[in-house]
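A.B. asks: Quick one: the structure is below, questions incoming.
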There are 2 protein chains.
Amino acid sequence: MRIGELAARLGVNPKTIRYYEARGLLPDPERLPSGYRDYGPEDETRLAFIKTAQRLGLSLDEIGEILAFKERGERPCSYVLSVLDAQLSDIDRRIGELVRLRAELVALKDRADQLLTGAACYCGIVEHAGRISQMTTR
Amino acid sequence: MRIGELAARLGVNPKTIRYYEARGLLPDPERLPSGYRDYGPEDETRLAFIKTAQRLGLSLDEIGEILAFKERGERPCSYVLSVLDAQLSDIDRRIGELVRLRAELVALKDRADQLLTGAACYCGIVEHAGRISQMTTR
DNA sequence: GTATGCCTTCTAGTTAGATGGAATGTCAAG
DNA sequence: CTTGACATTCCATCTAACTAGAAGGCATAC
């Protein structure tokens, strides 16, 4: 598959894919006789992984380290292990924080549900609807 | 407490606090006779919330909406509720993804532990130690 | 009484991550 | 055989979120 199709499947800009390649996050792809990049399903998997990890707050550098490590068949050094450990405990902390934030939002919503008796109402926030919908659909 | 102390407690730059104030994330604080900003514990709580939410991937705009909503005593409109719902389901999705990523990292680490028999070893990644430690200590 | 901290406003630079545009080349359909 | 969608590279620009510096002035601490 060519870059446009891969980009469309994952909902990213083709430029972003070339950018990731330049940053070493994606391997140099096969090329068609025409010189076009030719991607397979494993590239799609890898790109999806990058996007997911990114949503979770990992930087491209961190994601690159994880990917490099996944590829490396050789013996890892203890330094690499410690990086991995650090990432793990970081993730644990984040899960905890997310759970707490979730609880807070739920409480907020419960309070809101009680206040809302059914009829539509007007409030200042709606005037920002444009900005908010941009915000929530990105 | 003045801006410097608040900044130090939370580990942020004083400039960042003024920046948040300018963005409307923090309320205009009380002022000392001297004109200095005077913060109380509730400001610290709020700033800590901002920083946590940010680590979890929310943008300053999103955080602002949540905070504005928390403050608003009046009846929320159903639009606001739907924004809150969207944020909640987003958070649920992220928790799930984090748990999966965690499992993946654990598997990776287990494989690594097996390979590592005890002695130190050299590997290419160590040559990037500078970059990595920058990365993991940020 | 002199550092050091904070105030204001303004301007400008930084980083990460991505995106846009120009100039040029390739491919598939009609 | 041309037209429009896509590809290439290179360079430049954009956004979010800071962060820094300067100018000029008052405040507080040792």
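The values are calculated or read from the model by the stated rules, or taken from the named source; none is laboratory data. Here the structure is a predicted model, which is why all the values come from computation and not from measurement. Cβ: placed from backbone, ideal geometry, glycine included. Neighbour counts: every protein chain shown. In case anyone asks, the SASA skips ligands and DNA or RNA and just uses the protein heavy atoms, side chains included. Shrake-Rupley method; radii C 1.70, N 1.55, O 1.52, S 1.80 Å.
A.B. asks: Tell me the trypsin sites (Lys or Arg not before Pro) within region A:1-68 that lie in a loop according to DSSP and have at most 13 other beta-carbon atoms within 10 Å.
C.D. replies: A:ARG23
A.B. asks: Once the label point is placed 7 Å from Cα along Cβ, list for B:THR16 the distances to the corresponding points in the other copies, in nm, shortest first.
C.D. replies: 2.6
A.B. asks: Then there's this: Between A and B, which A residue has the Cβ nearest their rotation axis, distance in Å?
C.D. replies: It is A:GLY57, 3, counting Cβ atoms only.
A.B. asks: Near B:LYS15, which aspartates and glutamates are there with a Cα under 18 Å away, not counting those fewer than 8 places off in the same chain?
C.D. replies: Qualifying aspartates and glutamates at Cα under 18 Å: B:GLU5, B:ASP28, B:GLU30, B:ASP38, B:ASP43, B:GLU44.
A.B. asks: Right, here's the next one. Excluding ligands and nucleic acids, what accessible area in Å² is computed for B:TYR19 using a 1.4 Å probe, to the nearest 10?
C.D. replies: Counting only protein heavy atoms, B:TYR19 exposes about 110 Å² to solvent.
A.B. asks: Can you pull the accessible area of B:PHE69 for me, 1.4 Å probe, Å² to the nearest 10?
C.D. replies: Accessible area, nearest 10 Å²: 10 Å².
A.B. asks: Lys/Arg Cβ at +1, Asp/Glu Cβ at -1, dipole of region A:1-58 taken about the Cα centre: which of A:LEU47, A:GLY11, A:PRO33 is farthest positive-ward?
C.D. replies: A:GLY11
A.B. asks: In nm, one decimal, shortest first: how far is the label point of B:ALA48 (7 Å from Cα along Cα to beta carbon) from the matching points in the other copies?
C.D. replies: Values, ascending and in nm: 4.0.
A.B. asks: At a probe of 1.4 Å, how much accessible area disappears from chains B and A on forming the pair, both sides counted, to the nearest 100 Å²?
C.D. replies: 6200
A.B. asks: Scan around A:ASP38 for amide H atoms under 5 Å from its own, H built in the peptide plane at 1.01 Å from N, and keep only partners 5 or more places away or cross-chain.
C.D. replies: Here the answer is A:GLU30, A:ARG31, A:LEU32, since their amide H atoms fall under 5 Å of that of A:ASP38.
A.B. asks: Would you kindly derive the ³J(HN,Hα) couplings of region A:101-110 from the backbone phi angles with the Karplus curve 6.51 cos²θ - 1.76 cosθ + 1.60 (θ = phi - 60°), listing them in order in whole Hz, with x for Gly and Pro?
C.D. replies: Rounded to whole hertz, the list is 4, 4, 4, 5, 5, 4, 4, 4, 5, 4.
A.B. asks: Calculate one ³J(HN,Hα) per residue across region A:89-98 by plugging θ = phi - 60° into the Karplus curve 6.51 cos²θ - 1.76 cosθ + 1.60, and present them in order as whole Hz with x for glycine and proline.
C.D. replies: Each residue's phi maps through the Karplus curve to give 5, 5, 5, 4, 4, 5, 4, x, 5, 4 Hz.
A.B. asks: Select from region B:1-75 those GluC sites (Glu not before Pro) which occupy a DSSP coil region and have at most 16 other Cβ atoms within 10 Å, ordered by residue number.
C.D. replies: B:GLU74
A.B. asks: Same structure, new question: Could you give each residue of region A:54-71 its phi-based ³J(HN,Hα) in whole Hz, using Karplus coefficients 6.51, -1.76, 1.60 with θ = phi - 60°, and x for Gly or Pro?
C.D. replies: Once rounded to whole Hz, the list reads 5, 4, 7, x, 6, 7, 4, 5, 5, 4, x, 5, 5, 5, 4, 5, 4, 6.
A.B. asks: Label position 7 Å from Cα toward Cβ: report the copy-to-copy distances for B:GLY4 in nm, one decimal, ordered from shortest.
C.D. replies: In ascending order, 6.0 nm.
A.B. asks: Moving on to the next point. Cross-link candidates for B:LYS70: which lysines have Cα within less than 20 Å, leaving aside residues fewer than 8 places away along the same chain?
C.D. replies: Answer for B:LYS70, where 20 Å is the Cα cut-off: A:LYS109, B:LYS51, listed by chain and number.
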